[in-house]
Amino acid sequence: MEAAYGHAQDTAHAHHPTGIMRWIMTTNHKDIGTLYLWFAFIMFLTGGVMALTIRAELFQPGLQIVQPEMFNQLITMHGLIMVFGAIMPAFVGFANWQVPLMIGAPDMAFPRMNNWSFWLLPVAAILLVGSFLAPGGATAAGWTLYAPLSIQMGPGMDMAIFAIHILGASSIMGAINIITTILNMRAPGMTLMKMPLFVWTWLITAYLLIAVMPVLAGAVTMTLTDRHFDTHFFNAAGGGDPVMFQHIFWFFGHPEVYIMILPGFGIVSQIIPTFARKPLFGYSSMVYATASIAILSFIVWAHHMFVVGMPAAGQLFFMYATMLIAVPTGVKVFNWVATIWKGSISFETPMLFALGFIFLFTMGGFTGLVCAITPIDIQIQDTYYVVAHFHYVLVAGALFAIFGGIYYWLPKWTGHMYDEKLGQIHFWLSFIFFNVAFFVQHFLGLAGMPRRIPDYALQFADFNKVSSIGAFGFGLSQLLFLYIVVKCIRGGAKAADKPWEGADGLEWTLSSPPPYHSFETPPVVR
Amino acid sequence: MIRRTAQTLASLFLCFAAGLVHAQSRYNLQPPQTIIAREIYTLHTIILLICVVIFIVVFGAMFYALWRHRKSVGHKAEQFHENTTVEVIWTIIPFLILVFMAWPATKTVLAMKDTSNSDMTVKATGYQWKWRYDYLDEDISFYSTLSTPREQIDNIAPKGEHYLLEVDNPLVVPVGKKVRILTTANDVIHSWSVPAFGVKQDAIPGFVRDTWFKVDNPGTYRGQCSELCGKDHGFMPIVVEALPEAQYKEWVAQQTAKKSQATASAAAEAGKTYSMQELMAQGEKVYSKTCVACHQANGQGLPPTFPALAGGKIATGPIAGHIDIVTNGSKKNPVMVAWKNQLSDLEIAGVITYERNSFGNKLGDMVQPKDIAAARK
């Protein structure tokens, strides 16, 4: 083992490219983490511009800004880009930066593969965004790409399919890298049950990725062959079944939503104890709860399909299984609250985002429970209620966790403190505008407004107007975030090695910023 | 004992819910009009209230801690963690609450799925982008298309009261009868949904699914297609008119009479030879209703899925090919359906003539209804 570390040291110091080649050739986990995070942010802005175009069209009844065919392309690409381009790469960026630092490893297990898994992403992104220029435009079948509508699309659909293949390959390589790193490269003494919770959640997430990304690849490949080679997987006239696409898609899709939230749970579980100055209340029950959520995620997929006409037994099974997820999720929320209880709490920006996360994610959890009840779901399926629900868990959930994590580790990464006052303003703007944009969508959904429509009946006008105003406020607030991050990278108060009084973990034993190659000799964990 | 408490609680909630039912609220589900919709409404009220109570308890504790245990007021952190008793309790209590929620939900699921012993059956078929209704017990079938004028959508004319929620031919049903709806689709997946009935059922091409409702009160009830089905997904509403039984019978008689009239006039049309002017007038009417959504008013289409007719290969090519694609549909591009199922010979003849002599196409040829009759496969 020691020989291996020595070897890494030799080559690393001999080879240190600069300029653009540093980023293209890099095998350093910190560089690659940075690349992932910037890529995710660019895609977040791209998907965000699409979201704002959608909300601008929905500002008032009638068609004003885009025509229906363009509208459908925008909602589809907004979904695909935010899921595969923004949220997932952002979390992989965190894994790259933090997993080696938190387990005391010198780098990721497979540094060259790491480089390759990142540089596949811009290729996929160009294919995906470039499909707007294809004849007929980008795919407009919704991010769920349901057959047979996806069969009708133009070549933009094929570009999206190839982009998904590439993104899937990147995710699988990233997941293999993370699992191998965590299982083999922990510092001596760091047993599995001593790992920081962020590392645990990523270990479980990586297994989910390996399990379901091939399933998605299979589904879109079948779509591709149906489109061009008359395979009729999803065509009843040829002996296929359109609903089979949905079963396969959601067998991927439900674990996928946990892929997008579990690392967020991990980040929040690092932040809360730090600013409560008190250890996490139930470490092992948090680990078990995460694992239970991951396992349950494989047996609940058809709750996305309560209106396709399953038999009663099927509906009941998926309803019960889905409701069961509330138990481990509840355990997590109770644990966070118990950690806060009788702590010594301060409210720096990471803590604000973590608390905002718990508060709003739990609301998304409750509406998730409402959606789990089959008869109620039949009323609100494919309405704005569902749109509100998943934006509470993915924006106020995953995205807030990402923001919290950025503010939490930015002093470590850059060596500078960010502007605390601006950070807090960013939080409050995001928090308020998020709720303005999405809370009213619950009412729209209950009153029966379907999702994915470019124009709506007059009784929905007021709430849509409010929602659009909130969306623009939320979108513009993110430019402040960009400013804060750039300002922090370029300078600011020098960050201490451990800038947060209550923080605990190996990453805080390093300097801020950490050396380009850290933990060349592994630390020993007691 | 638990059961009795549950029942008492449920009936308490019911009273509360009943108070809300009759008011049209902007913040809640639409006023229910069927037994299933009422059960869903109550279920939603119960579950929402339970969630609100849990929310207040959990976040009451959190905000209390955030306030009292702040560092800025000098609170010192205690270092306790792990307590098996507490952890077991907060696992079991939520589980019991879930069982309490699942019980009434299960009963409603079973009731929703029970489509047996229906009084009548209507098949609803989703098309891009309209609905077709076939009354299986009567000889009635018709298409139901959005009737909101294009000018309202394009903000040229002021929007009417039922903007986007109005159709030319609503589905007509009797009140107090169990109506079974079979859903299927012709092209992609659609979803037949009427919120006031608590009904939403996907319409899947190649498969038949079913659902049911029994309307309490006469009235007009509105819903929308609820599964993304392409360009005009937002423009294919569902309107159901529930009539008292006697009026419904009258309506059925009217429809049957109309149908036999239509058959008679179709027979008359079949042999007749029409003039260019008549065909063009007929064609323009059909085009502006049926074809315009995809091929556009100027005939430019939206390529590549919806090709242009102006100067198009088929619209300016041999007449037989044009007749075939309109009558029997396109194999290569299934969006172009076989219009023989939806249009009469005269209508197809008219629209083909119109397409060959509009948008700058000047072929000057004509198609007669008998040509279409011959082309029907």
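What follows draws every value from the coordinates through simple rules; no lab data is involved. Values in this document were obtained by computation on a predicted structure and should not be read as measured data. Please note: Cβ atoms are built from the backbone with ideal geometry, for glycine as well, and neighbour counts cover all protein chains shown.
Listing for the model above:
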{"item": "Chain A: angle of helix A:88-103 to the longest principal axis, Cα-based, in degrees nearest 10", "result": "20 degrees"}
{"item": "Fraction of beta bridges assigned by DSSP in chain B that are antiparallel (%, nearest 5)", "result": "70 percent"}
{"item": "Cα-based shape type of region A:392-488, given that a ≥ b ≥ c are square roots of the gyration tensor eigenvalues and the cut on a/c is 1.5", "result": "prolate"}
{"item": "Magnitude of the charge dipole, chain B, Cβ model with Lys/Arg +1 and Asp/Glu -1, debye to 20", "result": "760 debye"}
{"item": "Label point at residue B:95 placed 7 Å out along Cα→Cβ; residues across region A:286-308 whose backbone nitrogen lies under 18 Å", "result": "A:286-297"}
{"item": "Kyte-Doolittle mean at least 1.0, axial Cα span of 20 Å or more - DSSP H helices of chain B", "result": "B:2-21, B:35-68, B:84-113"}
{"item": "DSSP loop chymotrypsin sites (Phe, Trp or Tyr not before Pro) with at most 12 other Cβ within 10 Å excluded, longest remaining stretch of chain B", "result": "B:81-377"}
{"item": "Region A:160-174 residues near the modelled residue A:113 label - backbone nitrogen below 20 Å, point 7 Å along Cα→Cβ", "result": "A:165-174"}
{"item": "Partners for residue A:498 among aspartates and glutamates (Cα-Cα distance below 19 Å; same-chain residues under 8 apart left out)", "result": "A:348, A:419, A:420, A:507"}
{"item": "Helix A:420-446 vs. chain A, principal-axis angle (Cα, 0 to 90°, nearest 10)", "result": "20 degrees"}
{"item": "Peptide B:152-161, shielding by other chains (average Cβ, 10 Å cutoff)", "result": "3"}
{"item": "Residue exposure sequence - B:189, A:295 - by fewest surrounding Cβ within 10 Å", "result": "A:295, B:189"}
{"item": "Shielding by partners, peptide A:313-321 (average Cβ within 10 angstrom, other chains)", "result": "3"}
{"item": "Computed FRET value (nearest 0.05) for residue A:516 with residue B:155, which takes r as the C-beta separation and R₀ as 51 Å", "result": "0.30"}
{"item": "Residue pairs, from the table A:342/A:412; B:130/B:313; B:113/B:249; B:231/B:289; B:249/B:272; B:130/B:362, whose Cα atoms sit over 26 Å apart", "result": "A:342/A:412; B:130/B:313; B:113/B:249; B:249/B:272; B:130/B:362"}
{"item": "Sites residue B:177 and residue A:225, calculated FRET efficiency, Cβ-Cβ separation with R0 30 Å, nearest 0.05", "result": "0.05"}
{"item": "For B:225, A:488, order by how many other beta-carbon atoms lie within 10 Å, fewest first", "result": "A:488, B:225"}
{"item": "Projected label distance in nm at residue A:486 and residue B:141, using a 7 Å step from Cα toward the beta-carbon", "result": "6.3 nm"}
{"item": "Calculated from backbone phi, Karplus (6.51, -1.76, 1.60) coupling profile of region B:135-147 in Hz, x at Gly/Pro", "result": "7, 6, 8, 10, 9, 10, 8, 7, 9, 10, 10, 3, 10"}
{"item": "For region A:294-364 and region B:196-236, distance of Cα centres in Å", "result": "30 Å"}
{"item": "Cross-link reach list, aspartates and glutamates versus residue B:331, counting only Cα pairs under 18 Å and skipping chain neighbours closer than eight places", "result": "A:226, A:230, B:187"}
{"item": "Crossing angle, helix A:349-372 versus chain A [Cα axis fit, 0-90 degrees, rounded to tens]", "result": "30 degrees"}
{"item": "Spin-label pair residue B:250/residue B:82, simplified geometry with 7 Å Cα→Cβ offset, distance in nm", "result": "7.9 nm"}
{"item": "Per-residue mean of C-beta atoms belonging to partner chains within 10 Å, peptide B:77-84", "result": "6"}
{"item": "Cβ-Cβ FRET estimate between residue B:342 and residue A:123, R0 fixed at 51 Å, reported to 0.05", "result": "0.70"}
{"item": "Spacing of the two label points (7 Å from each Cα toward its C-beta) at residue A:524 and residue A:21, in nm", "result": "4.2 nm"}
{"item": "Neighbour-count ranking [beta-carbon atoms within 10 angstrom, fewest first] of A:110, A:229", "result": "A:229, A:110"}
{"item": "Chain B - mean residue ellipticity at 222 nm from DSSP helices (-39,500 (n - 2.57) per run, n ≥ 4, rounded to 500)", "result": "-14000 deg cm²/dmol"}
